[in-house]
Structure formats: structure tokens, C-alpha cells
Amino acid sequence: MNILEIRNLSVSVEEKMVLKNISLTIPEGETHVLFGPNGSGKSSLMLTLMGFPQYKVVSGEILFKGKDITHLPTSERAKMGIGIAFQSPPAIKGLKLGGLVQELAGRFFPDFSLKEESEKLIMENYLHRDVNHGFSGGERKRSEILQISAQNPDLVLLDEPESGVDIENMKTIGEAIRSILHRGAKEKRTKSAFIITHTGYILDYLAADWGYVLVDGQIQCENNPYELLKLIEEKGFQLCEVCELAKHKE
Amino acid sequence: MALDKNLLQDTQKVGYTGDSDVKLAVVNDHVEEFSSAEKGITILPMFMAVKEFPWLKEKMWSLISPDKDEYTRLAAQENTLSGYFIHVAKGVKSTKPIQTCLFINMEKFVQTVHNVVVLEEDAEIYLFTGCATAHYVKTASHIGITEIFLAPRAKLNYTMIHEWAEVVEVRPRTAISIEEGAQFISNYISLKAVKHLQSMPTAYLRGKGASTSFNSLIYAPEGAYYDTGARIVFEAPLTHGEVISRSVTHGGTVIARGDLVAQAEEVKGHVECDSLLLSDGGLIQAIPVLETKVANVSLTHEAAVGKIAQEELFYLMSRGLSEAEAKSMIVKGFLDVDTFRLPEHLRPRVEQVLKLLENGGI
């Protein structure tokens, strides 16, 4: 079964096209990676998948677990099993992180152990703090993963989990994500992930199955993510102009 | 003397449980119950206090001018001895909250009270005052004159919860004199409809190192009108004070004021007004006023007025909460009691009160 299927998706923000004719499929249990330079539309794709209203679907469709969710509200998508860790999440004054996490666990994952999971993410001393308020880059990321952990989604969207994070934190975050993705796995993983990465550091902790390069709102090519990362590290994103893998070469 | 069970039901909503060692309840124009079982702490109905403490007459109307406005004039003219007097002896410190309550259970009653609180040197207390109308009262007025005197190094933590009926006019007139090294913390909560509430306590920082902090949480449903804030006069050097308000309006009007008046060197003051507008039709005005004739001072203000940030709303919705649930969570967070520097043992009581109020409306 495919957990996510995007068909010919074009999206605009304030009349400007940010995503053009995107198609991709993530089979259940797989981890796919999205590479691309700043401003190429990576975050726009994630927020479109999450149903944020400023991202207007001009054409195409999004299927989650085989159901058309193109026009479903954000909270419905989350309830169906999509979870997102934001690149720069907002702070919410007065709302305690521990309270929010427990509320989510109560709704979506009653087996969740706040103590165990928060210790894993070194967040046990942040539970009484306001969500993301005064958190450093690494703390925000860990707070995001803790919330995702309680939400226990079937598809995890990660928007640059490594930005602003040191190596120590990277390891903590990477291992926590891996353990979430392996929940309930028997012979095969059932949880899937779609990850935006700039540097590829997260791939040291997670095995990825497939990768895409997004430039100017279009998928330029797709391939083994480690091969893509190697090429990008060597040549930068200009590689698409010369690469024979590129789909949209004119 | 004890409060009737029916009365207690209504007063509990504003935190007056009647089980405190030091307590006093004013119902309409008379003191219904009082007791003072702690050494060094005296609480008395005003008409008895003026006989026992002759110097009290000099304190009355010494911080608030009877000519201030029509309400003070009315109170002065009545020469009301309804209200309470609290005296805390030198060095006496108590963490057990003193409970007082100003209650109206007669329709169309005009309640006029005059309260005086005196803390001698190094005294420290927590004072909890609840003001409310009986659930069956619709229309009433409350005029409350309160004068507070803090001697050097005295500390008063004053928490006030209001729960008035919809057609009640409320005019508290409060002033506080704060001497060297003394501290006054005020926590004010009103989450119910009120026809018209106007309150602007004034704190006078009169000695080096004196400090004050005014914190308020206000919720204004449709038809409610609040004009509230605080004024801090920095009369002595090296004093500091802040006015922090959080208000939410759902169709009601909130005017949030904060006046800082610097009259001495090296004083520090801050005003912070945060307001949320939950629906169209409400009105919020944040009015910080910073005034100084002295160069070497630091007076600052921050004000944020607006509706719930879409970014925060969608953040919570992306976690699987409905729009209504996300909104309610943000508003509750915005009105969080942690804003207040409440001592641990008072927190459960305030949270309980907030829950009761919440069930009744928000």
C-alpha cells in the first residue's frame, strides 16, 4: 500500500506558483528525502501536505492511505495520521509543553510514557515550560519530536530536523525519530517518513529509501538518496543543469 | 458568627472558603463574620477598629483624596465605617492566606466600603480578597476605598478575584504607600461579565528599594466594560515597578492602562499590556503612559493587541486539535496563572476559581 501519493500537484501562495506539477509516491514503511536549495519550495510542499490554508492547490491531488485529502482541513489530516515537525515552530505563551504532550498522547497514543520519552529527548526539565518559549534551536527540535512522539503518526513529515542543531542534539533527535518510525514494526516497518534535509546529516541516523531534488518548485530528479547527497555535496544544486537524471531538462 | 451555607456557595467562587484562621466577610453593609486567630495579625470591622486604634482616623483618606471623583465624594460623605482593617505587627510573617470577602446579596444595593491595611516593619502576609454578588442578584454597585500602608521591608501579596453580576457597576479606589525596601504585589482576576468596572490603583514608592508589581487577567464577554490598570509613582530613587496585564475580549470592551511617573533618580518601570480579540465587536485599547522629569530613569512599555496568531492556531491544529480546541488552548495559556507570582500554596485555589469561572462561561 502507498501511504502517500501526490499526483500532478501545483500550488500557489498569494497568486505566485510555488510548486509545479509535483508527482511522487511513498510506499508504506519507507523513508523518502527531499533535497533542494533555499526557496525551492520544500517547506511549501510539507505545509501543503498538512493543509495550511495559504497554500492553494491549483491542480492535482494528494492521497493519504488511498483517500483523497486534497481539500481536508489540517486537523483532519493530523487525525488520519500525518504528523509534522516544523522547521521553526512558534512559541505559545502559557501553554505548557508537558500539558500539550499529554493531551496529544491521551487522544492518539494512550501507551505513551511521558517520563520515558521526555528523558530520551532530554526534555524532562522543559515539560513545565511554555511550548517553545525561549527554547534554543536544539530544544525546539527536541520539543517537536516529543510532540510527534505523543501524536504517533503513520507518516512523519520532518522539515529540516538538523537546522540549528549541534552534533550531540543531532544524535538524540535522529535516534528518537528512528525509534518512533520502528514502533509496531514486525517484519516490515509500517511507519513512513518524508524528510527535508539541507545537509543530509539526519541520514547518518535514519535509513532512507528514496530521494528527490526540488529546484524552482519542480522535482528535477529522483534516485537513491545517498547517491543524490554525494552528487549534491560535490557539485551543489547546479548539478541538475548537467545531470542526466534530471527529468525537466529542456 | 459564620457565613450561611448558601452564601458560602457564592463566596467560594471567588476564593472565600471561610476556613482561614484570619478572615472577614462583609455582606452588603455589615460584617457577617470575622476571626483573627493568628498572633500579631489583627483583622476587625472598621467601626470597631476606629475605636481600638485611634490613630486609624489619620490614616483614612490620607492616600486617597475624598475629592478625587464622585465616588470618593460619595464614600466620604457617607463617612462609611463599613469595611475592614488589617494590622500586622512588626516582624510578623505568615504564609497562610488571610481571606476577606466583599459580597452583595441584595438587589440594587449600593455597597460602600472603606478598608485600611497596615503592615509594620518586616511584616509579610498574603491577602486574598474575593468580591462577588449572589447568583440571584442582577443589579448593584460597589464602591470600595482601600488604603494600604507598607512600612520599611514589609511585603504584601494581594490577590483579588472579582465575580460580579452582569449589571453591576464597580468602582474600587485603591492606593498603596510603599516605604524603603517594602514590596507590594497585586494579582487581579476578573473573568465574568460586569457592566462597568473602573479601577486604577496608585502605588507610591516612597523609600529606596521599594518595589511593586501589578498583574491582571481579564476576560470581557459581550456587554462587559473594563477600564483598568495601575499607576506607579516613583518618589524615591532605586525603586522599581511593573504593570502587566493580559486581557481577552469576546465582544466586550477592555481599556488596559499603565501609568509610570518617575520623580527620582535611577528608577526602573515597565508596562506590558497583551490583549486578545476573539471576535469582532469587542474593543481593546492599550494605553501605556510614561512620564518623567528626571533624566536618569528607565521606563519601558510593550503592548500587543490582536487576534489569535494564525501561526499558533495552525500549529496546534496540525497536532490534531480542532480549531475550537486549539483556540481554547491558546486562550487558556494566554490567561495562565503563572503570570502571577503566586506562592505555591495559593496556586491550587486560584486554579480552582478559574475552573469554576470557566465552567460558567468561557
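Read-outs throughout are calculated quantities, based only on the coordinates presented, and are distinct from any laboratory measurement. Everything quoted here is computed from the prediction, not taken from an experiment. Cβ: placed from backbone, ideal geometry, glycine included. Neighbour counts: every protein chain shown.
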Practice item. Read phi for every residue in the stretch A:140-152 and hand back ³J(HN,Hα) as whole Hz from Karplus 6.51 cos²θ - 1.76 cosθ + 1.60, θ = phi - 60°, with x for Gly and Pro. Key: 4, 5, 5, 5, 4, 5, 4, 5, 4, 4, 6, 7, 6
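Which of the peptides B:247-258, B:137-148 is most tightly packed, and how do the rest follow, judged by the mean count of other Cβ atoms within 10 Å per residue?
Numbers: B:247-258: 23.0, B:137-148: 21.2.
Ranking, from highest mean packing down: B:247-258, B:137-148.
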Study note, to complete from the structure: Per-residue ellipticity at 222 nm attributable to helices in the protein assembly as shown (runs of n ≥ 4 DSSP H, -39500 (n - 2.57) apiece, nearest 500 deg cm²/dmol) works out to -6500 deg cm²/dmol
Exercise for review: Taking every pair of alpha-carbon atoms in the stretch A:2-239, give the share separated by more than 24 Å as a whole percent.
Suggested key: 43 percent
Revision key, fill the gap. Under 5 Å from the placed amide H of B:V22, counting only residues 5+ away or on other chains, we find B:A37, B:Q99
Check your understanding: Given H placed on each backbone N at 1.01 Å, which residues far from A:L19 in sequence or on other chains put an amide H within less than 5 Å of it?
Key -> A:V11
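With N set to the residue count of chain B, report its C-alpha Rg divided by 2.2 N^0.38 Å to two decimal places.
This ratio for chain B stands at 0.97.
Counting other Cβ atoms within 10 Å of each Cβ, which trypsin sites (Lys or Arg not before Pro) in the stretch A:86-128 have at most 16 and sit in a DSSP loop? Please list the in-between numbers first.
Working: sites: A:K93, A:K96, A:R107, A:K115, A:K120; in loops: none.
Here no trypsin sites (Lys or Arg not before Pro) fit, given the DSSP loop and packing criteria.
May I ask you to derive the FRET efficiency for B:S35 and A:E76 from their Cβ-Cβ distance with R0 = 56 Å, giving the value to the nearest 0.05? Don't skip to the end; give the middle numbers.
Working: r = 57 Å, r/R0 = 1.03.
With a Förster radius of 56 Å, E is 0.45.
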**Study point:** Charge dipole (the stretch A:2-239, unit charges on Cβ, about Cα centre) - positive-most of A:L72, A:Y226, A:S163
**Key:** A:L72
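What chymotrypsin sites (Phe, Trp or Tyr not before Pro) in the stretch B:101-147 are in a loop by DSSP, with at most 15 other Cβ atoms within 10 Å of the Cβ?
Numbers: sites: B:F103, B:F109, B:Y126, B:F128, B:Y136; in loops: B:F109, B:Y136.
When the chymotrypsin sites (Phe, Trp or Tyr not before Pro) of the stretch B:101-147 are filtered for loop state and at most 15 Cβ neighbours within 10 Å, B:Y136 remain.
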Review point. Do any GluC sites (Glu not before Pro) in the stretch A:107-214 lie in a loop, going by DSSP, with at most 11 other beta-carbon atoms within 10 Å of their beta carbon, and if so which?
Key: A:E187
Practice item. List, in order, the whole-Hz ³J(HN,Hα) value for each residue of the stretch B:271-286 obtained from phi through the Karplus relation with A = 6.51, B = -1.76, C = 1.60 and θ = phi - 60°; use x for Gly and Pro. Key: 10, 9, 10, 10, 9, 10, 9, 8, 8, 5, x, x, 9, 10, 10, 9
Review point. How many partner chain Cβ atoms sit within 10 Å of a residue's Cβ in peptide A:87-94, on average, as a whole number?
Key: 6
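For the protein assembly as shown, what is the charge dipole size about the Cα centre, in debye to the nearest 20, if Lys and Arg each add +1 at the Cβ and Asp and Glu each add -1 at the Cβ? Display every interim value, and only then the final one.
Working: 64 positive and 81 negative charges, 138 e Å.
So the magnitude is around 660 debye.
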Revision key, fill the gap. Largest fluctuation, B:K13, B:K108, B:K268 only, Gaussian network model of chain B with Cα springs under 10 angstrom, belongs to B:K108
Review point. With each pseudo-label sitting 7 Å past Cα toward Cβ, what's the B:K90-A:V57 distance in nm, one decimal?
Key: 7.8 nm
Practice item. List the residues whose amide H sits under 5 Å from the amide H of B:F109, counting only those 5 or more places along or on another chain, with H placed 1.01 Å from N in the peptide plane. Key: B:S141
Check your understanding: In square nanometres, what is one fourth of the surface area of the convex hull spanned by the alpha carbons of the protein assembly as shown?
Key -> 32.4 nm²
Practice item. Rounding to the nearest 20 debye, state how big the charge dipole of chain B is about its Cα centre with +1 on each Lys and Arg Cβ and -1 on each Asp and Glu Cβ. Key: 320 debye
Practice item. Please determine, in degrees from 0 to 90 and to the nearest 10, the orientation of helix A:225-235 with respect to the longest principal axis defined by the Cα atoms of chain A, where the helix direction is its Cα long axis. Key: 70 degrees
Point to revise | Vicinal HN-Hα couplings computed from phi for the stretch B:187-201 (Karplus, 6.51 cos²θ - 1.76 cosθ + 1.60; Hz; Gly/Pro x) | key: 10, 10, 10, 9, 10, 10, 5, 8, 5, 7, 10, 10, 8, 8, x
